[in-house]
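Novice: Below is a structure I'd like to ask you about.
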Amino acid sequence: MIYSEEYGDIERDGGSGFTAKYRIRKLVFYERFDKALDAIAAEKRIKAGSRRKKEELINSVNPEWKDLCDELTNEIASLRSQ
């Protein structure tokens, strides 16, 4: 399953809702935005695409489909320490 969602605070979410219900356990793609409207527009663009387009997007930045959760956590920590 490929799932796309915009989060204002991904840390606070804690895997509630859809991700918990369907046991989504792997983060294979993420983008960071400074403006919420930009994030929402990107989410809509991704959701409107076919599964093939979503797979191409993931493969363009993460061809091995590694779990990027630790990377994102480190990025957030780094931004907070600035």
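Novice: Do you know which residues across region 36-66 are closer than 17 Å to Arg25 by Cα and loosely packed, with under 13 Cβ neighbours inside 10 Å?
Specialist: Glu64, Trp65, Lys66
Novice: While we're on this one: Could you say whether any residue in region 17-34 is farther than 11 Å from Ser4 by Cα, touching a Lys or Arg at 6+ places or on another chain (Cβ under 8 Å) and assigned to a helix (DSSP H, G or I)?
Specialist: No, that holds for no residue.
Novice: If a residue has to be modelled with pLDDT of 90 or more, closer than 19 Å to Lys66 by Cα and among the basic types (Lys, Arg) to count, how many in region 22-55 make the cut?
Specialist: Going through region 22-55 one residue at a time, the tally reaches 4.
Novice: How about region 25-35: which of its residues are in contact (Cβ under 8 Å) with a residue 40 or more places away in the chain and surrounded by 13 or more Cβ atoms within 10 Å (Cβ to Cβ)?
Specialist: Passing the criteria: Leu27, Val28, Tyr30.
Novice: Can you name every residue in region 59-72 that is assigned to a helix (DSSP H, G or I) and either touching a residue at least 40 places away in the same chain (Cβ under 8 Å) or of a type in the set (Lys, Arg) (or both)?
Specialist: Filtering region 59-72 down to residues assigned to a helix (DSSP H, G or I) leaves 59-61, 69-72.
Once the filter is applied, which keeps residues that are assigned to a helix (DSSP H, G or I) and either touching a residue at least 40 places away in the same chain (Cβ under 8 Å) or of a type in the set (Lys, Arg) (or both), region 59-72 yields Cys69, Leu72.
Novice: Just one of the numbered conditions (1) under 15 Å from the mean Cα position of the chain (by Cα); (2) more than 14 Å from Ser4 (Cβ to Cβ) is not true of Ala41; which one?
Specialist: Of everything listed in (1) under 15 Å from the mean Cα position of the chain (by Cα); (2) more than 14 Å from Ser4 (Cβ to Cβ), Ala41 misses just condition (2).
The values are calculated or read from the model by the stated rules, or taken from the named source; none is laboratory data. Note that the structure is predicted; figures quoted are calculated from it, not measured. Glycine gets a Cβ as well: all are built from the backbone with ideal geometry, and neighbour counts include every protein chain shown.
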